[in-house]
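Colleague: Could you have a look at this structure, given as structure tokens, before my questions?
FYI, it's all coordinate maths here, none of it is from the lab. Model, not experiment: these values are computed from the prediction.
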Amino acid sequence: MEKDNTENRSKVVLAVILIALGIFWMFGQLNLHFHLENLFRPFYLLFSHMGRVIFSWPMILLLVGLVLIAGKRQGGWILIVLGGIFLIPKIFLIPDFPFSMILPLLLVFAGIVLLTRRV
């Protein structure tokens, strides 16, 4: 019984796709063009920005850190924090903040943490 329903649904989906393709092809032959790029522009902008974030070297640091934590190894949190810090300028646009200062500030913070742990 379920197999019949699945086959019927797949036939209906195939029929709708064929009808839509035929209609758009006919409109193209009649020189009727729809300008849908403005309709999908927000999605394009969102996903093109996400691609620059996802496929970047800070994301590799983050993923390696997660793998190290999952394997219960040390050093994973350091990579996650570094990756997160370097992802901030890719995700958020903060005006008037020189991101070249991130690494020196991170070094100062790490030194302060080491000093407070020793005392």
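Colleague: How far, in degrees from 0 to 90, does helix 2-29 lean away from the longest principal axis of the Cα atoms of the chain, to the nearest 10?
Modeller: 80 degrees
Colleague: Quick one: Cα convex hull volume of the stretch 46-97, Å³ per residue?
Modeller: Values: hull volume 3.6 nm³, N = 52.
Taking the convex hull of the Cα positions in the stretch 46-97, it is 70 Å³ per residue.
Colleague: Angle, helix 37-54 long axis vs. longest principal axis of the chain, Cα atoms, 0 to 90°, nearest 10?
Modeller: Tilt of helix 37-54: around 30 degrees.
Colleague: Expressed as an acute angle from 0 to 90° and rounded to the nearest 10, what is the orientation of the C-alpha long axis of helix 102-118 relative to the principal long axis of the chain?
Modeller: With rounding to tens, the tilt is 50 degrees.
Colleague: Where does the chain land at 222 nm, in deg cm²/dmol rounded to the nearest 500, when only DSSP H runs of n ≥ 4 count, each adding -39500 (n - 2.57), divided by all residues?
Modeller: Details: 5 runs with 93 residues, N = 119.
Estimated from H runs of four or more residues: -26500 deg cm²/dmol.
Colleague: Which whole-number percent gives the relative contact order of the chain, counting Cα pairs below 8 Å spaced six or more residues apart?
Modeller: Details: 48 pairs, mean separation 17.8, N = 119.
For the chain, the relative contact order is 15 percent.
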